[in-house]
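Engineer: One structure, as structure tokens, below. Some questions next.
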Amino acid sequence: MMGPAHSLSGAMAWLGVGLATSWAGAPMPWAVLLTGTLICAGAALAPDLDHRSATISRAFGPPSRWLAAFIDKLSAAVYNATRGRRDRRRSGGHRTLTHTWVWAVLIGVGFSAAAIFWGRWAVLIILFIHMVLAVEGLLWRHARPSSDVLVWMLGAAAAWILASILDQPGNGSAWLFPDHPYLWIGLPIILGSVVHTIGDSITISGCPMFWPLSIKGRRWYPAGTPAFMRFRAGSHVENAVLMPTFMVVGGVCGAGALYLA
């Protein structure tokens with residue numbers, strides 16, 4: 001799928017989690033629901049860091065382009081080093097390492113650890129990165145023609161405001177883990193990455209989300225729905241069916257989560 005659909009699916013997923021936790025008796029404070037939704041929307045773009053022309057690869061100027069080039073080479077190296085007997089050798093790493101559950105968990109755990117060990121400034125950086133990506137994904141019609149600096153300023157302002165709200169007693173910095181504020185911050189990051197891979201799995205190319213398991217002699221098997229149910233990224237199905245569905249379902253889940261909180 002394309003960036004906007006990925007971001008909307010990430011936002012919908014966290015709002016769904018918010019509804020589920022409310023039903024389970026552990027409701028999210030509204031600030032966690034809002035912040036997690038934006039983080040998840042941003043994180044749902046992150047797996048495409050292995051593609052040099054993706055939204056995330058352009059979002060932070062030269063540094064993100066350099067990182068994308070490195071991740072592309074790293075992903076290709078891991079792919080070739082671990083490929084099964086029926087996997088063809090590749091020179092590029094798109095839809096390989098960063099499109100697996102292993103990567104999603106490692107990134108989420110890494111960000112949570114950073115928030116715990118380095119405190120507020122790490123939290124602000126994590127929020128800034130994902131707020132910028134959320135703006136790029138959810139407000140793509142306005143973000144793309146705008147200056148990168150304006151988008152960064154909006155992301156920085158959102159990060160500072162949300163962190164200040166979350167740090168207030170009862171607003172959610174210690175949600176789920178009272179002794180470890182912001183330990184939960186990796187959860188929407190993991191979820192966003194996983195939702196991204198699921199979204200790509202219903203397109204024509206599929207996605208190797210089950211790596212390193214071997215399927216039909218391939219460790220990088222492009223799992224997905226049956227062929228007749230797949231579509232091309234950016235197609236009418238994505239724009240006219242999936243994106244409106246993500247918005248409606250997300251809105252219903254968000255309203256339900258707030259009502260039950």
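The values are calculated or read from the model by the stated rules, or taken from the named source; none is laboratory data. All values reported here derive from a predicted model rather than from experimental measurement. When we count neighbours, we look across all protein chains shown, and the Cβ atoms used for this are built from the backbone with ideal geometry, even at glycine. Please note that ligands, DNA and RNA were not included when accessible areas were found on the heavy atoms of the full protein model with its side chains. Shrake-Rupley method; radii C 1.70, N 1.55, O 1.52, S 1.80 Å.
Engineer: If you count only protein heavy atoms and use a 1.4 Å probe, how large is the accessible surface of His180, to the nearest 10 Å²?
Structural biologist: 90
Engineer: Which value, in debye to the nearest 20, describes the size of the charge dipole of the range 108-261 about its Cα centre when Lys and Arg Cβ atoms bear +1, Asp and Glu Cβ atoms bear -1, and nothing else is charged?
Structural biologist: 560
Engineer: Taking the Cα centre of the chain as the origin, how large is its charge dipole in debye, to the nearest 20, when only Lys and Arg (+1) and Asp and Glu (-1) carry charge on their Cβ atoms?
Structural biologist: Dipole magnitude for the chain comes out near 1260 debye.
Engineer: Residues of the range 129-261: accessible area per residue at 1.4 Å, in Å²?
Structural biologist: Solvent-accessible surface per residue comes out at 52 Å².
Engineer: What accessible area, in Å² to the nearest ten, does a 1.4 Å probe give for Val194?
Structural biologist: Solvent-accessible area, nearest 10 Å²: 50 Å².
Engineer: Just to be sure I understand the model, the point goes 7 Å from the Cα along the line to the Cβ. What's the resulting Arg88 to Trp66 distance in nm?
Structural biologist: 3.4
Engineer: Turning to a different aspect of this structure: Work out how much length Leu176 to Ile204 would gain on full extension: take 0.36 nm times their residue separation and subtract the Cα-Cα distance, in nm to one decimal.
Structural biologist: Answer, rounded to one decimal: 6.2 nm.
Engineer: Farthest toward the dipole's positive end in the range 1-107, which of Ser53, Pro29, Gly42, given Cβ charges of +1 (Lys, Arg) and -1 (Asp, Glu) about the Cα centre?
Structural biologist: Ser53
Engineer: Between the alpha-carbon centers of the range 35-78 and the range 170-229, tell me the distance in whole angstrom.
Structural biologist: Using only Cα atoms to place each centre, the spacing works out to 15 Å.
Engineer: Given a 1.4 Å probe and heavy atoms of the protein chains only, how would you sort Ser147, Ser22, largest accessible area at the top?
Structural biologist: Final ranking, largest accessible area leading: Ser147, Ser22.
Engineer: Hey, another quick one. Would you mind telling me the share, in percent, of accessible area of the chain contributed by carbon and sulfur at probe 1.4 angstrom?
Structural biologist: 69
Engineer: Here's another thing I want to ask about it. Would you please state which residues of the range 194-217 a label at Ala113 would reach in this model, taking the label point 7 Å out along Cα→Cβ and a backbone N cut-off of under 17 Å?
Structural biologist: Taking a point 7 Å out along Cα→Cβ of Ala113, no residue of the range 194-217 has its backbone N under 17 Å.
Engineer: Ordering Phe246, Phe70 by accessible area with a probe of 1.4 Å, largest first, what comes out?
Structural biologist: These residues rank, largest area first, as Phe70, Phe246.
Engineer: Considering only protein heavy atoms, what is the solvent-accessible area of Tyr79 at a probe of 1.4 Å, reported in Å² to the nearest 10?
Structural biologist: Solvent-accessible area, nearest 10 Å²: 10 Å².
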